[in-house]
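Trainee: Quick one: structure below, then a few questions.
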Amino acid sequence: MWLGALVLAVAAAALAPSGEEEDLSMPGTESQKAFDLLDERFPESNAQGAEARLVFRAPDGQRVTARENRAVVEHTLGSLHGGGQVASTTDPYETGAVSEDGTIAYSTVAYTADAVDLTEATKSALEDTATQARDAGLTVEIGGSALDTEEEPGGTTELIGVLVAAVVLVLALGSLVAAGLSLLTAFSGVGIAFGLVSALAVPLGLSSTVAILALMLGLAVGIDYALFITSRFRDERAQGSEPEEAAGRAVGTAGSAVVFAGATVSIALVGLGVVGIPELTRMGMGGAGAVALAVLVALTLVPALFGFFGRRVLPRAVRKRGERTHRVPTAAGRPGLGTRWARFVLRWPVAVLLIAGLGLGAVALPALRLELGLPGDESKSVKTTERRAYDLLSEGFGPGFNGPLTVVVDTSESADTRATTDQAVKTVRGVDGVASVGDPAFNRAKDTAVFTVVPKTAPNSGETKDLVHAIRGAVSGAEADTGAGILVTGTTAMNIDISEAMSDALIPYLIVVIGLAMLLLMVVFRSILVPVKAALGFLLSVGAAFGVLVAVFQWGWAADLLGIEQTGPVMSLMPIIIIGIVFGLAMDYEVFLVSRMREAYVHGASPGEAIVSGFRHSGRVVAAAAIIMISVFAGFAGMNSPTIQTMGVGLAAAVLFDAFVVRMAIVPAVLALLGHRAWWLPRILNRMLPNVDIEGEALGRHAPVSATVPDAAVPPFAVRRH
């Protein structure tokens, strides 16, 4: 069935038309209202349509105004004018689009279609004309939205991440077959998810970022979920269970935890839709779909492959001992690394807690300087023509030229359209930080005017953000006097509005996620303090991850190692995306590690013995799972897309801190200090909360004779605590 689903998904993706990137939109913001108004009042020109800027630079020592260079520019633009989907081209010599020193000029090419609807022939014609001008001796680069190169999924760094994951699986499981099983099932789920996203790209407007997020999450959780179930299956087989019984127990215990972990990730991702950004909603839904597929694959395909591979899933040493093998008690041999670490934490809980907590706090300090924004051409690689065009325009016309603002004056309720518009232009010109204001243009009905404002500062700078607010504040007086509606929009203003909306939504979303985490963990662990500890640890790991993002992408630390050529604000979508994903992954590790501790505690172990038991059974698997996730996420940090780079670095750092510092150090230290109090739950809550048997405790009451654990393997505290 899964093979058939994979074939159908791949076929659907191959036959479906390729999707294109769409501009981010934020319904309800002033900039989006202005865009909508322009579409309504200026139907002949698409307010959010495709636009290209051909930027010309003369050879050293020459000017673009020289006769021979001017002839090349005019011939280039003439070959474009009247071409397919071309609405108009501007002559830089007539519009004054020439730099003061005469070395750089640009022409704006407007298209009749949005960027997503431009044909390959139209894009090729644009590139061919630029090539012809280059052959004539000019430097020509293309900016704007017409080309918008995309980063294709797949590449060297992602392959390295998968190879690291494969090596970790082999070392953790001690079997090539078991490692290959985890990879095979993960690739199956990812293939189906990626195929579905590609097939639905056009009808649902899914971008390449949605596909890459589905690929990233599907690989990481798919490998981990298969690893957890496979590890439990091997434990059950080592205790003497028959293959079918061991598979059922593995799915009933580790599989239950997989369902819980996958559900938490999916809920957090679907919850991204409350922010109100359509692209973020699509990313959340795509990622949640990939995680749900990974859960289904782990619950069904993994045990099916247990039957297919048979005893080859077991380590070589176990296979040599025969079909019926028994687990050797841990006390009989040298304790494992997890056991030794747990005992170390039990001896020094205060020191471990202080070092881990203060260390994460120090790493999180840069997060106090977090600045949010949306990447533009300035963040692209210098290998792209869009970035080179951006640099030429900044050099010739100033940094603010790449981020013009558009002011829309709605005079439908005003008696004097011209006077109202002139007053708005005069007001905007008087705002500090404005480099220039263009002449207004009116629609056919003469009830709407639009003019362009060029800031003195770069699009992503804090000064430009302040300028947008200053202009909106200045024109509010004109609105009150005339009754007109004056709106500030443009790509720069839209990015500012989205970033501010994301900042405003961050704390409420975090509160919802933390509240959900505490409620779910309270149900799972029947405890008050364990969920509080888990939530505070989650905040520490997320804060530290944000600190890494600020240090790398804003301050430029280790930027050369990652190929980051331009520092700037962190992409505004990243904090909420990282919170949503890491929330689920943190609960994943919490459940697999602490559920084994609770299982031992309710069977009579002391709090300290329960901690050691949890690390003995799950420490190695959780560590391996975390390394796999870090490898997969870090593999995407080598892509040229700023969005994917930021996501890869942020998620890799968050998993590193959460798994190895919070879950492996802070959690056992806090539990050791709390003792019996860690597992306390008020009687009223104990009666109200549902009993979710996440660790499959009830399976022990229905064990068949063949699955009975040998006496040697039963711990001395195997008496149920009442």
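Trainee: Can you name every residue in the stretch 340-384 that is surrounded by fewer than 19 Cβ atoms within 10 Å (Cβ to Cβ) and of a type in the set (Val, Ile, Thr)?
Mentor: VAL350, ILE355, VAL382, THR384
Trainee: Right, here's the next one. So ALA172 fits all but one of (1) aliphatic (A, V, I, L, M); (2) more than 21 Å from VAL313 (Cα to Cα); (3) buried (at least 18 other Cβ atoms within 10 Å of the Cβ); what number is the exception?
Mentor: (2)
Trainee: Return a yes/no flag: does the stretch 81-98 have any residue that is in a helix (DSSP H, G or I), touching a residue at least 40 places away in the same chain (Cβ under 8 Å) and touching a strand residue (DSSP E or B) at 6+ places or on another chain (Cβ under 6 Å).
Mentor: First, the residues of the stretch 81-98 that are in a helix (DSSP H, G or I): 92-95.
Narrowing further to those that are touching a residue at least 40 places away in the same chain (Cβ under 8 Å): none.
Within the stretch 81-98, none of the residues are in a helix (DSSP H, G or I), touching a residue at least 40 places away in the same chain (Cβ under 8 Å) and touching a strand residue (DSSP E or B) at 6+ places or on another chain (Cβ under 6 Å).
Trainee: Something else about it: Can you spot a residue in the stretch 230-241 that is aromatic (Phe, Trp, Tyr) and either touching a Ser or Thr at 6+ places or on another chain (Cβ under 6 Å) or under 17 Å from VAL291 (Cα atoms) (or both)?
Mentor: So in the stretch 230-241, the residues aromatic (Phe, Trp, Tyr) come out as 233.
Cutting the leftovers down to either touching a Ser or Thr at 6+ places or on another chain (Cβ under 6 Å) or under 17 Å from VAL291 (Cα atoms) (or both) gives us none.
Taking every residue of the stretch 230-241 in turn, none turns out to be aromatic (Phe, Trp, Tyr) and either touching a Ser or Thr at 6+ places or on another chain (Cβ under 6 Å) or under 17 Å from VAL291 (Cα atoms) (or both).
Trainee: Quick one: in the stretch 267-279, of everything that is closer than 17 Å to LEU200 by Cβ and in contact (Cβ under 8 Å) with a residue 40 or more places away in the chain, which residue is surrounded by the most Cβ atoms within 10 Å (Cβ to Cβ)? Walk me through how you get there before you give the answer.
Mentor: First pass over the stretch 267-279, keeping only residues closer than 17 Å to LEU200 by Cβ: 269-270, 273, 278-279.
If we keep only those that are in contact (Cβ under 8 Å) with a residue 40 or more places away in the chain as well, we get 269, 278-279.
Working: LEU269: 27, PRO278: 15, GLU279: 20.
Within the stretch 267-279, the match that is surrounded by the most Cβ atoms within 10 Å (Cβ to Cβ) is LEU269.
Trainee: Can I ask one more? Closer than 18 Å to VAL345 by Cβ, free of Cβ contacts under 8 Å to residues at least 60 places away in the same chain and either more than 20 Å from the chain's Cα centre (by Cα) or assigned to a helix (DSSP H, G or I) (or both): is that true of LEU593 in this structure? Don't jump to the end; show me each part of the working.
Mentor: Numbers: closer than 18 Å to VAL345 by Cβ: yes; free of Cβ contacts under 8 Å to residues at least 60 places away in the same chain: no; either more than 20 Å from the chain's Cα centre (by Cα) or assigned to a helix (DSSP H, G or I) (or both): yes.
So LEU593 fails the test.
Trainee: Please go through (1) in a loop (DSSP other than H, G, I, E, B); (2) within 30 Å of PHE660 (Cβ to Cβ); (3) not acidic (Asp, Glu) for LEU358 and return the number of the only condition it doesn't satisfy.
Mentor: (1)
Trainee: In addition: Within the stretch 127-145, can you find the residues that are in contact (Cβ under 8 Å) with a residue 40 or more places away in the chain and either under 20 Å from GLY102 (Cα atoms) or part of a strand (DSSP E or B) (or both)?
Mentor: Step one: list which residues in the stretch 127-145 are in contact (Cβ under 8 Å) with a residue 40 or more places away in the chain, which gives 129-130, 132-133, 136-145.
Matches in the stretch 127-145: ALA130, ALA133, ALA136, GLY137, LEU138, THR139, VAL140, GLU141, ILE142, GLY143, GLY144.
Trainee: Something else now. Please name all residue pairs, on different chains or six or more residues apart, with Cβ atoms under 8 Å, provided the first residue is in the stretch 410-433 and is more than 18 Å from GLY483 (Cβ to Cβ) and the second residue is among the acidic types (Asp, Glu).
Mentor: Pairs that qualify, where the first residue is more than 18 Å from GLY483 (Cβ to Cβ) and the partner is among the acidic types (Asp, Glu), are GLY433/GLU463; GLY433/ASP466.
Trainee: Does GLU395 meet the test of being buried (at least 20 other Cβ atoms within 10 Å of the Cβ) and either among the hydroxyl-bearing types (Ser, Thr, Tyr) or under 29 Å from GLN645 (Cβ atoms) (or both)? Outline the logic, then answer.
Mentor: Numbers: buried (at least 20 other Cβ atoms within 10 Å of the Cβ): no; either among the hydroxyl-bearing types (Ser, Thr, Tyr) or under 29 Å from GLN645 (Cβ atoms) (or both): yes.
Here the answer is no, as GLU395 does not meet what is asked.
Trainee: Restrict the check to the stretch 474-490 and report whether at least one residue is part of a loop (DSSP other than H, G, I, E, B) and within 15 Å of SER31 (Cα to Cα). Quick ask: steps written out before the conclusion?
Mentor: We begin by selecting, within the stretch 474-490, every residue part of a loop (DSSP other than H, G, I, E, B); these are 483-484, 490.
Going one step further and asking which of them are within 15 Å of SER31 (Cα to Cα), we end up with 490.
Yes, there is a match, as at least one residue in the stretch 474-490 is part of a loop (DSSP other than H, G, I, E, B) and within 15 Å of SER31 (Cα to Cα).
Trainee: Among the helices (runs of 4 or more DSSP H) lying completely within the stretch 197-282, list those that include at least 1 residues that are at pLDDT 85 or above. Give the steps one after another, and end with the answer.
Mentor: Working: elements: 201-204, 208-238, 243-270.
Here the list reads 208-238, 243-270.
Trainee: Can you tell me which residues in the stretch 91-126 are within 32 Å of the chain's Cα centre (by Cα) and either aliphatic (A, V, I, L, M) or under 16 Å from PHE401 (Cα atoms) (or both)?
Mentor: ALA113, ALA115, VAL116, LEU118
Trainee: Also: Might you let me know whether the stretch 53-72 holds any residue that is modelled with pLDDT under 90 and surrounded by 15 or more Cβ atoms within 10 Å (Cβ to Cβ)?
Mentor: yes
Trainee: Could you list all residues from the stretch 285-320 that are buried (at least 20 other Cβ atoms within 10 Å of the Cβ) and either in contact with an Asp or Glu (Cβ under 6 Å, 6 or more places away or on another chain) or at pLDDT below 85 (or both)?
Mentor: VAL313, LEU314
Trainee: Can you tell me how many residues in the stretch 362-388 are more than 18 Å from THR491 (Cβ to Cβ), assigned to a loop (DSSP other than H, G, I, E, B) and either of a type in the set (Val, Ile, Thr) or not assigned by TED's automatic domain parsing to the domain that holds ILE277 (or both)?
Mentor: Residues meeting the conditions: 3.
Trainee: Kindly check whether there is at least one residue in the stretch 650-672 that is surrounded by fewer than 24 Cβ atoms within 10 Å (Cβ to Cβ), farther than 21 Å from ALA544 by Cβ and in the same structural domain as ILE160 (by TED's automatic domain parsing).
Mentor: yes
Trainee: Which of the residues belonging to the stretch 552-604 are among the acidic types (Asp, Glu), at pLDDT below 80 and either on the phi > 0 side of the Ramachandran plot or in contact with a helix residue (DSSP H, G or I) (Cβ under 9 Å, 6 or more places away or on another chain) (or both)? Spell out how you get there, then give the answer.
Mentor: Narrowing the stretch 552-604 to residues among the acidic types (Asp, Glu): 560, 565, 588, 590, 599.
Applying the additional criterion that residues be at pLDDT below 80 yields 560, 565, 588, 599.
Answer for the stretch 552-604, where residues must be among the acidic types (Asp, Glu), at pLDDT below 80 and either on the phi > 0 side of the Ramachandran plot or in contact with a helix residue (DSSP H, G or I) (Cβ under 9 Å, 6 or more places away or on another chain) (or both): GLU565, ASP588, GLU599.
One line per residue, one yes/no per condition, for (1) of a type outside the set (Gly, Ala, Ser); (2) assigned by TED's automatic domain parsing to the domain that holds SER79; (3) surrounded by 17 or more Cβ atoms within 10 Å (Cβ to Cβ):
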{"site": "VAL98", "(1), (2), (3)": "yes, yes, yes"}
{"site": "ALA105", "(1), (2), (3)": "no, yes, yes"}
{"site": "LYS123", "(1), (2), (3)": "yes, yes, yes"}
{"site": "ASP128", "(1), (2), (3)": "yes, yes, no"}
{"site": "ASP135", "(1), (2), (3)": "yes, yes, no"}
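The values are calculated or read from the model by the stated rules, or taken from the named source; none is laboratory data. Being a predicted model, the structure only gives us computed values, none of them experimental. For neighbour counting, all protein chains shown are included, and Cβ atoms are generated from backbone atoms with ideal geometry for every residue, glycine included.
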